[in-house]
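Asker: Shown below is the structure under consideration.
The values are calculated or read from the model by the stated rules, or taken from the named source; none is laboratory data. Fair warning: this is a prediction, and the values are worked out from it, not measured in the lab. As a convention, Cβ positions derive from the backbone with ideal geometry for all residues, glycine included, and neighbour counts pool all protein chains shown.
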Amino acid sequence: MKILKNKIENYLDVDPFILDRNIKKKKFLDIIKHQLKHHLKNCTNYRTWYIKNNFLHPNNIKRYDEIPFVPSAVFKKVELKSIKNKTKIITSSGSSGQNKSSIAIDDTTSSLQKKCLGKILKSTLGDRRIFFIADAEPNEGFGQMLISARYAGMSGYLLASKERNYLFKLNDKNELVVNQDIVKKLNSVIEKEPVVIIGYTYIIFDHLIRNKDIKLENSLCNKYTKLVHFGGWKKLHNNKVTKKEFNNEANIKLKIDKNNIMDVYGFSEQLGSIYVSEGLGGCKVSNFSHILIRDPKTLKVLEDGKVGFMQFLSVLPLSYPGISILNDDMGYVSKRTFDKNIEQIEFKVHSRLDRLELRGCGDTLPDHYYI
């Protein structure tokens, strides 16, 4: 595994978005082949599934679309673990009443995830900045072995900060209330220097943007200030709040350039791999990942612009077989450009399939496809 780890670490040294597409494909597929062999050797459930479905031997894989995918819902029902080392269990932020995915993360995989996340954030945000976090400061209870993806995800983003300030605190009822001292600090620096305001989408919207107790006195943000938000869209969609409305209200409240409002897409089964959209643009695919859109009925790869299941490929997971995931979101490739043989891909999420549990991908997949 050490050789494979070194391969991944070396690959993570490349620029996240600038790499000849032929070089990316060669290096990416080489790592994926070694990953497949590693997981087939060390994860019994994965090996049984792989053989049962008669997938290509890793050595014979020559294209992205030949890489077998695991439905994300499988992680809700089956333990998939490819190492014997001590791990911590990351759980997804599933809806109430639903089973949650459980993903085993060891120190090596966690280190790779942090490196990948850090590279993408640095490319997106630039040098380390002062962070104003739309949440309460975590206490010691968050350091437990069994933690939710919300706090695991937040800690990863904070690696890009040089100073952390929490805009809220908890009252006696464990409710978020405004930390006025930090709001005053935000008011004092927001025009002078580029800061990052960051948090979960629904918390930023409900507790920051629409919170009348938070008054920002600035006439205009520093032009390099960023608003970064992730997760929690379901709650906003239930209230008929669109991405355009979110951006408009954020622009009015924070005086921030709409193109500096960054919506981050990611999911628990592939932590560390994130996809950032700017303004109303699509989510950008880095060199450390790849995306394919598959037809809901045939599972064949669709052409750009057509909506289907999203298959995500990642070089990162070593402790569990999460290198190729077909998740519960529907989406489409919204933009694909080539400049000096550098391919840049953007996608947009169309909808999420709820209440499908283990079926996850609807009735499309045959029973034997599940582990």
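Asker: Within the range 159-189, how many residues are surrounded by fewer than 16 Cβ atoms within 10 Å (Cβ to Cβ), part of a helix (DSSP H, G or I) and within 27 Å of the chain's Cα centre (by Cα)?
Answerer: So the count comes out to 1.
Asker: Do you know which residues across the range 42-65 are without any contact (Cβ under 8 Å) to a residue 24 or more places away in the chain, assigned to a helix (DSSP H, G or I) and in contact with a helix residue (DSSP H, G or I) (Cβ under 9 Å, 6 or more places away or on another chain)?
Answerer: Of everything in the range 42-65, those that are without any contact (Cβ under 8 Å) to a residue 24 or more places away in the chain, assigned to a helix (DSSP H, G or I) and in contact with a helix residue (DSSP H, G or I) (Cβ under 9 Å, 6 or more places away or on another chain) turn out to be Arg47, Tyr50, Ile51, Asn60.
Asker: Give the range 275-295 a look and list any residue that's farther than 19 Å from Tyr64 by Cβ and either in the same structural domain as Phe28 (by TED's automatic domain parsing) or surrounded by fewer than 19 Cβ atoms within 10 Å (Cβ to Cβ) (or both), or say none.
Answerer: Correct list: Glu278, Gly279, Leu280, Gly281.
Asker: If the Cβ limit is 6 Å and pairs must be 6+ apart or interchain, which residue in the range 251-279 that is basic (Lys, Arg) pairs with which residue that is at pLDDT 90 or above?
Answerer: Listed by first residue and then by second, the contacts come to Lys253/Ile209; Lys258/Asn247; Lys258/Asn251; Lys258/Gly279.
Asker: How about the range 185-227: which of its residues are among the β-branched types (Val, Ile, Thr) and in contact with a Phe, Trp or Tyr (Cβ under 7 Å, 6 or more places away or on another chain)?
Answerer: We begin by selecting, within the range 185-227, every residue among the β-branched types (Val, Ile, Thr); these are 189-190, 195-198, 201, 203-204, 209, 214, 225.
Correct list: Val195, Val196, Ile197, Ile198, Thr201.
Asker: I want to confirm something. Restricting to the range 4-19 and keeping residues that are among the acidic types (Asp, Glu) and in a loop (DSSP other than H, G, I, E, B), which single residue is surrounded by the most Cβ atoms within 10 Å (Cβ to Cβ)? Step through it out loud before you land on a result.
Answerer: Filtering the range 4-19 for residues among the acidic types (Asp, Glu) gives 9, 13, 15.
Adding the requirement that they be in a loop (DSSP other than H, G, I, E, B) leaves 13, 15.
On the way: Asp13: 8, Asp15: 11.
In this case the residue turns out to be Asp15.
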